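S.K.: Before I ask anything, let me first share the structure, which is written out below as structure tokens.
The values are calculated or read from the model by the stated rules, or taken from the named source; none is laboratory data. The shown structure was predicted, so the numbers you read here are calculated from the model rather than taken from an experiment. A quick note on method: Cβ atoms are made from the backbone with ideal geometry, for glycine too, and the neighbour counts reach across all protein chains shown. Areas reflect the complete protein model, heavy atoms only, side chains present, ligands, DNA and RNA absent. Shrake-Rupley method; radii C 1.70, N 1.55, O 1.52, S 1.80 Å.
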Amino acid sequence: MGRLLAIEISPRVIRAVEYTPGERPVRIHRAAVTERPGGEPAAVGQFLRGFLERNGFTAKSAVVGYLGPVIEHRIFAIPPVTGKTREELLRGKIAQETATSVAELRVTGEVIGKVVEQGYERDEVMTLYVPEFEIRRLVFLLVEAGLTPVRVVSVPLALAGLHPADAADELCGFLHVEPSRSVISVSGAGKLRFSREFALELPGRAAEFAEEPDYKNIDFGGGAEAPPPAPLSGEEVYAERLVTELTRSLLYFRQISRGGSITRLYWSGDPPGEAAKRLISERLKLEIATHLAAGASVFDGEGAFDAATFGVPVGMAAEEWGADRVNLLPAEYLQRKERRGSYIAVAVILGAFLLANAGLYVGLRNASIRYRDVLDGTAAVTRSVAASPEEISRWMAMRSALGEMRRGEKALENPFTRWKPLFATLGAPVPSEMRFLSATFTPASPSEAGPHAGRGEVRGIVSGKSPAEAQNRVNAFLAAVRAQPVVGEPAYTVFEVRPRGVDGGGGYEQEFLLGFALRER
């Protein structure tokens, strides 16, 4: 498998690592970080292309961890459904919480647990939603950089996958710090449970806001003036604000989770200062642990590599991203990728079929030539030498075999070539509610005499709101197939009619088998 890129894109920083997927721990070959310039996505994309080329990155497919103020995280309890049904239920939940039209939002989610409400089991779904135009701008930026995005998730979700295996029953905090903003997230057993983002300037900028109090008007008693304490440094002001926001976030999480609190804290992004470490230890009673990205990755490139700084890209690279996981890429983009994959698969299958036919024809042709040479030699010997009855029987058997080969050769001169009309016959009447599980086409043997060029079998599943509706769709498909000249003698068999869901609330499915003969003329 080729290499992949894992990229963290935030408003002020871009971090990238190149790795080989499938290895544990993740093998990192290159890592680089740069400030993100301002400007439109096209200009930033060109900057990113040059940055990757200068640092020797060669991979063109990328998984992206995106940090933006417009990504919202919510947990909703919904019935156990998948696909478009889950998305529609989540959109309904979101519509009750936001004034923005849900049609303008990209909504995605993944199951993180189970709950029981009013006696019914429901899925807990971590839901992410963001304005569609924001994701389209990000995809345009990546395409301008010459990259093919495979998956886009939020920074908290990328970090939650690094949850330690030995703390599955504990809640762990992940603090990610950037030059202009920070985000605190809480995970349990590798599933994101909480996320809050807050603005926070760098220590250099924080010094501008440090105010020196007016000590002249303070009465310290005894008529003596006490010496004023030293003003806070920029780093100390920054640490104060950071710990204040961190405390506020964790108290809010404790409230909504009914007493939940973290036992470990991991810091990624810009490294922590001594003042921040001290305040976190004194006020929150937490020590900043060695980041889990260090144990989840191995760096074999040149130069130094701080795993905590690249915590988000390493988290993206180390996680197993299945089809049912969160992906913020636009739905149209994902559908185009699926269609491309289907076209490639069909082309490969057709190419393999044609190559097999060509190989069979060449093999039979060569065998026919060899048998013809043998028979010519046999005829010459027969004319010159009196043969025994055994030799005559052997020659007759060889002549019969030659005749069989000639008939096979003649049959192969006119193969079944109407594949395109056949596939059009099967594909044109198929409704969107029907999918094929398998399709088998068996050409007729050259020795078989008959009016057909072979047989085909198609196994599929059709869905509908009721069994009658599913049957009507199958009947319409059968009628369209029977009307085609390349299909003859169709035989229809029902395997199973089953409800979708516990009580059929999701409709019904019918699994069927259709067999038919292939007609060349």
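S.K.: To the nearest 10 square angstrom, how much accessible area does I369 have with a 1.4 angstrom probe?
M.R.: Roll a 1.4 Å probe over it and I369 shows about 80 Å².
S.K.: Return the loop-located GluC sites (Glu not before Pro) in segment 100-205 (DSSP other than H, G, I, E, B) with at most 15 other Cβ atoms within 10 Å of their own Cβ; answer none if there are none.
M.R.: Listed in order of number, the matching sites are E170.
S.K.: Could you tell me what % of all Cα pairs in segment 28-107 have separations over 22 Å?
M.R.: The calculated P(r) of segment 28-107 puts 51 percent of pairs beyond 22 Å.
S.K.: For a quick check of understanding: with a 1.4 angstrom probe and all protein chains in place, what accessible area in square angstrom does D373 have, to the nearest ten?
M.R.: My reading of the accessible area for D373 is about 100 Å².
S.K.: Another one. For segment 1-130, which whole percent of the accessible surface, found with a 1.4 angstrom probe, sits on carbon and sulfur atoms?
M.R.: Summing carbon and sulfur atoms, their accessible area is 48 percent of the total for segment 1-130.
S.K.: Provide the gained length on full extension for the span T244 to E496, in nm with one decimal, where the gain is 0.36 nm per separating residue minus the Cα-Cα distance.
M.R.: So the extension gain works out to 84.6 nm.
S.K.: Among the trypsin sites (Lys or Arg not before Pro) within segment 231-271, which fall in a DSSP loop and have no more than 10 other Cβ atoms within 10 Å of their own Cβ?
M.R.: Of the trypsin sites (Lys or Arg not before Pro), the ones in loops of segment 231-271 whose Cβ has at most 10 other Cβ atoms within 10 Å are R258.
S.K.: Further question: Note down the accessible area of V462, probe 1.4 Å, to the nearest 10 Å².
M.R.: Taking all protein chains as shown, V462 has close to 0 Å².
S.K.: Then there is this: So which of K114/K465; K114/K285; K60/K84; K191/K465; K93/K114 end up more than 24 Å apart, counting from Cα to Cα?
M.R.: K114/K465; K114/K285; K60/K84; K191/K465
S.K.: Sticking with this one: Place a point 7 Å from Cα of T20 in the direction of its Cβ. Which residues in segment 288-308 have their backbone N less than 14 Å from it?
M.R.: Output list for this probe position: 298-301.
S.K.: Still on this model: Under 10 Å from the Cβ of R325, count the other residues' Cβ atoms, weight Lys and Arg +1, Asp and Glu -1, and hand me the total.
M.R.: Summing Lys and Arg as +1 and Asp and Glu as -1 gives -3.
S.K.: Considering only protein heavy atoms, what per residue accessible area in square angstrom results for segment 54-156 with a 1.4 angstrom probe?
M.R.: Per-residue value: 47 Å².
S.K.: A further question on this structure: Using the Cβ atoms and a cut-off under 14 Å, what net charge is assigned to the surroundings of P37, where Lys and Arg are +1 and Asp and Glu are -1?
M.R.: Around P37, the surrounding residues sum to 0.
S.K.: Against the globular-protein guess of 2.2 N^0.38 Å, express the Cα radius of gyration of segment 1-158 as a ratio, rounded to two decimals.
M.R.: 1.20
S.K.: Starting from the residue with the highest accessible area, list E457, E287 in decreasing order, probe 1.4 Å.
M.R.: The ranking, largest first, comes out as E287, E457.
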